[in-house]
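Quick one: structure below, then a few questions.
No lab work stands behind these numbers, since they all come straight from the coordinates. Source: prediction; values computed, not measured. A quick note on method: Cβ atoms are made from the backbone with ideal geometry, for glycine too, and the neighbour counts reach across all protein chains shown.
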Amino acid sequence: MPTSQPQWGTRHDPSSRRELARVGAFVAGSTVALTASTLGAVGLLTGGVTGLGGRLPLYVLATALAFVAAVVTFEESSRRADRVIALSAATASAVFVFVTFGGEGVAYVLQNPGTVGSALLFYVLAVGLVGTGVGYWILNHWSELTWSGSRL
């Protein structure tokens with residue numbers, strides 16, 4: 001069914017303003033999320049962030065909301081029951097990881113304000129940009145990356 005909206009995994013004209021705005025929003029949002037998540041991982045691994053226990057209930061709540069949203073979304077796309085629950089669990093798990101690390105990244109920056117002007121932030125931002133590029137590529141080539149049956 002043809003639509004007027006460009007869909008992930010399809011080729012489109014990158015010169016349109018609407019498409020550039022959509023891609024720009026994806027790049028900005030994804031880069032911020034991946035940068036915060038990487039900073040969170042750094043903060044947790046180095047002990048540079050404290051108070052995780054107080055924020056953990058919020059991360060669990062966000063995960064539960066994502067699980068329910070995924071179940072509803074995947075059910076509406078008429079997938080098999082086993083796929084709906086598996087995809088919903090995978091989505092919730094990914095949300096938990098990104099929300100937890102992202103939240104801890106924000107906490108790390110707030111607890112260590114000197115990080116904002118340090119070289120670490122630029123390295124982590126570079127990691128976020130590379131991750132965004134890989135994610136964008138995967139979304140646009142998803143159909144080429146999936147297959148049915150064994151091809152090994």
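Measure nothing fancy, just the Cα-based angle from helix 17-46's long axis to the longest principal axis of the chain, in degrees from 0 to 90, nearest 10.
In the chain, helix 17-46 runs at an angle near 40 degrees to the longest axis.
Using the alpha carbons of the chain, what is the convex hull volume per residue in cubic angstrom, as a whole number?
170
In nm, give the distance between the simple-model label positions of E144 and S16, each being 7 Å from the Cα along the Cα-to-Cβ direction.
The answer from the label model is 2.2 nm.
Right, something else. Using only the alpha-carbon atoms of the range 43-130, report the extent along each of the three principal axes, biggest first, to the nearest angstrom.
Result, largest extent first: 49, 31, 17 Å.
Also: Please report, in whole Å, how far the alpha carbons of the range 92-152 spread along each principal axis, starting with the longest.
51, 24, 19
Treat each spin label as a single point 7 Å out from the Cα along the C-beta direction, and report the A86 to V130 distance in nm.
About 3.1 nm separates the two model spin labels.
For R79 and S118, what is the calculated FRET efficiency with R₀ set at 41 Å and r taken between the beta-carbons, to the nearest 0.05?
Once rounded, the FRET efficiency stands at 0.35.
Can you tell me the equivalent ellipsoid semi-axes for the range 13-53? Use √(5λ) from the Cα gyration tensor, largest first, whole Å.
35, 8, 5
Something else: For A94 and W137 in one chain, what is 0.36 nm times their gap in residues minus the Cα-Cα distance, to one decimal in nm?
Working it through step by step, the gained length comes to 13.6 nm.
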